[in-house]
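Scroll down for the structure; my scribbles are underneath it.
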Amino acid sequence: MATKKVAISLSAGYEKDITLIFRGTIDKYSFHFDSATSRLELSCSDGGLNLKEAVSDRYYPVGTNYSKIVRDLSKDLGLPLGIPITADGKTKGSSYFTGSTSVNLLRLAKMLNCDFSVQDGSIMWLPENKRLDKEAYRLTATTGLIGEVKAYNSNNESPTNDKSANKPGIKLTSLLNGRILPHETIYVESSDGRYKGYYKVTEVSHMGEYEGRPWYTNITAINVEGNIVVL
């Protein structure tokens, strides 16, 4: 079984509500015959070949808008934009971007305090202190929210009650939901009333079994103050 450049997509859900969970390419695979049910285990990556193989060779004079640089590097990466590029400021000197395109984008994102990733084959680029105005999903006890919503501090990656912590956020679990992706905005309303409002998603993971318990989506999100990115 050849794996290079083999595309794969995974959709799952409940009854008629089936949504895309993952789309990417296969990196490697392995077969397991250690139980009554044989298993094929796949390791996949989202935009993996583009992120690994795309290279750039670009020069920009002083005063070039960073938004243009990000758009140019995104073209080099060979993936579509999931949202319009927002990158404030201009270069203060001559700038060169050579070598791995993904490395250049990651370094530029860090310098500009932005988030960069690839989600379902599309480039997501968003300032850290901004969120999308359009909510991807509304999570309440009647729409899939499971259990308690916990406070979270992104600095030390542990629950916290410190209201002054940098980028305070929340951790929560819902029924399997493929509509929720990193960088998306969700509206959360906990059953105890402690958490109610819009949050920017930073991490998403899906968990489930072949047979037995329901599948779940684990979400980490931050409470972003500041201007909203309008699509």
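Here's the picture: a label point sits 7 Å out from the Cα of ASP133 along the beta-carbon direction, and within the range 195-210 the residues with their amide nitrogen under 20 Å of it are 197-201.
Based on protein heavy atoms only, the chain ends up with 58 Å² per residue of surface accessible to a 1.4 Å probe. What longest region of the chain stays clear of chymotrypsin sites (Phe, Trp or Tyr not before Pro) that DSSP places outside H, G, I, E and B and that have at most 11 other Cβ atoms within 10 Å? The segment 34-209 is the longest one with no such site.
When the GluC sites (Glu not before Pro) in the range 1-87 are filtered for DSSP coil states and for at most 16 other beta-carbon atoms within 10 Å of their beta-carbon, the remaining sites are GLU15. For the range 86-142, the calculated P(r) over all alpha carbon pairs, in 10 Å bins from 0 to the bin holding the longest distance, is 18, 42, 26, 10, 3, 1 percent. Here the sum of -39500 (n - 2.57) over DSSP H runs of 4 or more residues, divided by the residues of the chain, equals -3500 deg cm²/dmol at 222 nm, to the nearest 500. Our estimate of slack between ARG71 and GLU53, defined as 0.36 nm per intervening residue step minus the Cα-Cα distance, is 4.7 nm. On a per residue basis, the convex hull of the C-alpha atoms belonging to the chain measures out at 157 Å³. Ligands, DNA and RNA left out, the accessible area of the chain computed with a 1.4 Å probe is 50% carbon and sulfur.
The alpha carbons of the range 25-86 give a radius of gyration and a Dmax of 19.1, 64 Å, in that order. Here's how it looks for HIS183: its modeled amide H is under 5 Å from those of VAL201, THR202, which are all 5 or more places away or on a different chain. For ILE123, the residues whose amide H sits under 5 Å from its own are LEU81, GLY82, ignoring neighbours fewer than 5 places away on the same chain, with H placed 1.01 Å from N.
Around the amide H of VAL55, modelled in the peptide plane, lie the amide H atoms of THR101, all under 5 Å away and 5 or more residues distant in sequence or on another chain. Note on ASN218/GLU41: beta-carbon distance plugged into 1/(1 + (r/R0)^6) with R0 of 22 Å gives a FRET efficiency of 0.60.
The values are calculated or read from the model by the stated rules, or taken from the named source; none is laboratory data. Keep in mind it's a predicted model, so treat the numbers as computed, not measured. Cβ atoms come from the backbone with ideal geometry, glycine included; neighbour counts cover every protein chain shown. The area values use the complete protein model at the heavy-atom level, side chains included, leaving out ligands, DNA and RNA. Shrake-Rupley method; radii C 1.70, N 1.55, O 1.52, S 1.80 Å.
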